[in-house]
């Protein structure tokens, strides 16, 4: 377990620190928050999410049934915004998958990583059970504690980040609509600041979840932003560690059960729908304000999907193009 945490820290902390610096930097560029290079970064975020929807749809929705799941999930998410509807959509995808998708596979890579069986053997069943108990207990207790504390903003945010981490299936970009429900919908962070940070996260090395450090920094003023960034980052990652340690001892048997495969297949299709809905709101709504922005989205999508340029390079192109559009008055 110590090795797992060390690997996580080495992989995550550099990008998290860069995102913290970006969050602090937005303070002195506040006057340019809606124009110029930051405008271009937000437009790139639109293209990145569009590419993620296409990529996930090809992998996780390879037939009409699962494509239907995704479209239905997107429609319900747009009509019933909020994290409660998101949980319902994901759970509904699992139930429908269990009923309709047996024998179709999950659409994900099912090859066990090297060393997976050895790591599973190093965990005792009692330790695994404790991890799963902690996972579900925190999922239930954190919102209750926030309510008992009179709607504490800190506890509410931690509960939301933990819930988002617990509900990510199919790919890291799925965290976008989940975190939007945590920080944008309640009015804690503006949609412009949210999308700008998401675009910046594409340009830094490391995992996309480092976006949580940026959001945490914005949630608390001044030096308190550092502690808030660490708490939000930890809350987002903690569910994955608990589920990993809780399921490893019996994952080999679980993944061979048709019922589990069918439910996961339905869940994966549903989260494609969640991301599709997020592509419209908040991503397109906050990032595209005129025809010039829309044209730049299409160019960036071509660079990502057609030319296969790395996302950090496209962020640079978008920033330069956004500056040019602002100077031209477009």
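Residues 214, 237, ranked from the fewest to the most other C-beta atoms within 10 Å, line up as 237, 214. Residue exposure proxy: 288, 44, ordered by other Cβ atoms within 10 angstrom of their Cβ from fewest to most, comes out as 288, 44. Could you tell me which of rounded, prolate or oblate describes the stretch 220-261, using a ≥ b ≥ c as the square roots of the eigenvalues of the alpha-carbon gyration tensor, with rounded for a/c under 1.5 and, failing that, prolate when a/b is larger than b/c and oblate otherwise? Prolate, because a/c is 1.5 or more and a/b exceeds b/c. Working from label points 7 Å from Cα in the Cα-to-Cβ sense, the residue 255 to residue 285 distance is 3.8 nm.
The Cα-based radius of gyration and maximum Cα-Cα distance (Dmax) for the stretch 290-330 are 10.3, 30 Å. Computed from Cα atoms, the angle from the helix 311-327 axis to the main principal axis of the chain rounds to 30 degrees.
The rule of thumb for compact globular proteins, 2.2 N^0.38 Å, goes into the C-alpha radius of gyration of the chain 1.00 times.
Protection proxy ranking, highest mean first, for peptides 186-194, 265-273, 53-61: 265-273, 53-61, 186-194, where packing is the per-residue count of other beta-carbon atoms within 10 Å, averaged. For the Cα atoms of the chain, what angle does the longest principal axis make with the long axis of helix 125-148, in degrees from 0 to 90, nearest 10? Rounded to the nearest ten degrees, it is 50. Fewest neighbouring Cβ atoms within 10 Å first, the residues 83, 312, 37 line up as 312, 37, 83.
In the chain, helical runs assigned H by DSSP with n ≥ 4 each contribute -39500 (n - 2.57); averaged across all residues and rounded to the nearest 500, the mean residue ellipticity at 222 nm is -23000 deg cm²/dmol.
Rg/Rh for the stretch 118-217 (Cα atoms only, Rh after Kirkwood) is 1.04. Computed from Cα positions, the angle between helix 83-100 and the longest principal axis of the chain comes to roughly 50 degrees. Distance between the modelled labels on residue 140 and residue 127, one decimal in nanometres: 2.6 nm (7 Å Cα→Cβ projection). Distance from the alpha carbon centroid of the stretch 216-260 to that of the stretch 299-330 works out to 32 angstrom. Taken over the stretch 131-174, the ratio of Cα radius of gyration to 2.2 N^0.38 Å equals 1.24. When each of the peptides 166-176, 293-303 is scored by how many other beta carbons lie within 10 Å of its residues on average, the order from highest to lowest is 166-176, 293-303.
Bear in mind that the values in this text are calculations on the coordinates, not laboratory data. Keep in mind the model is a prediction, meaning the values are calculated, not measured. Cβ: placed from backbone, ideal geometry, glycine included. Neighbour counts: every protein chain shown.
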